[in-house]
1. Translational diffusion coefficient of the chain at 20 °C, 1.002 mPa s, Stokes-Einstein with Kirkwood Rh over Cα pairs, in µm²/s as a whole number.
2. Nearest 10 degrees, 0 to 90: what angle lies between the long axis of helix 94-106 and the longest principal axis of the chain (Cα atoms)?
3. Pick from 74, 61, 21 the residue whose mean-square fluctuation is largest in a GNM of the chain, springs joining Cα atoms under 10 Å.
4. Based on the mean of other beta carbon atoms within 10 Å per residue, what is the order of 23-30, 110-117, most packed first?
5. Amide H to amide H, which residues 5 or more places from residue 109 or on other chains are under 5 Å from it, using H placed in the peptide plane?
6. I need to check one value: relative contact order of the chain, counting alpha carbon pairs closer than 8 Å and at least 6 residues apart, in percent.
7. Could the peptides 1-10, 82-91 be put in order, highest first, of the mean number of other beta-carbon atoms found within 10 Å of their residues?
8. How far is helix 19-29 tilted, in degrees, relative to the longest principal axis of the Cα atoms in the chain, given as a value from 0 to 90 rounded to the nearest 10?
Amino acid sequence: MIVADSSVWIDYFNGVATGQAECLHTLLAEELVLMGDIILAEVLQGFREDNDFHKANRYLATLDCARMLNRDLAIKSAQNYRRLRRKGVTIRRTIDVMIATFCIERNLALLHSDKDFEPMSKYLSLKSVM
């Protein structure tokens, strides 16, 4: 089971041919993708047209969806953010640290195309697909 970040889902829904989007397509066929509630919100908020929003929502509803944040994970996310800051790394979006922390704690690999996750792989043991 893997988690796909919104950066990959956006390319996937927009038909952008990237290695990550192709990997997502393959993993979806094998039913190996877990959707996170935070990622779901990020993906769905990007649709401009109601029809596209509803179509994507129906499709994503077929995936298992996990609650990615609770009190413990919020604290661990803050600790991970602070740990990265001590290493001289500033992550642009707190949500990315939350997603990475969820994956780390659940021992899940993350499929992404966002450079902010690279230091999390290096310093926090985030497993990345590709």
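1. 143 µm²/s
2. Relative to the chain, helix 94-106 is tipped by roughly 90 degrees.
3. With Cα springs under 10 Å in the chain, the top fluctuation among 74, 61, 21 is at 61.
4. 110-117, 23-30
5. Here 3 satisfy the definition.
6. Numbers: 156 pairs, mean separation 39.0, N = 130.
That works out to 30 percent.
7. On the way: 1-10: 22.3, 82-91: 12.8.
Peptide ranking by packing, descending: 1-10, 82-91.
8. 70 degrees
Any read-out appearing in this document is the output of simple, stated calculations on the displayed coordinates, not a laboratory observation. No experiment lies behind these values; they were computed from the predicted model shown. Ideal geometry is used to build each Cβ from the backbone, glycine not excepted, and the neighbour counts take in all protein chains shown.
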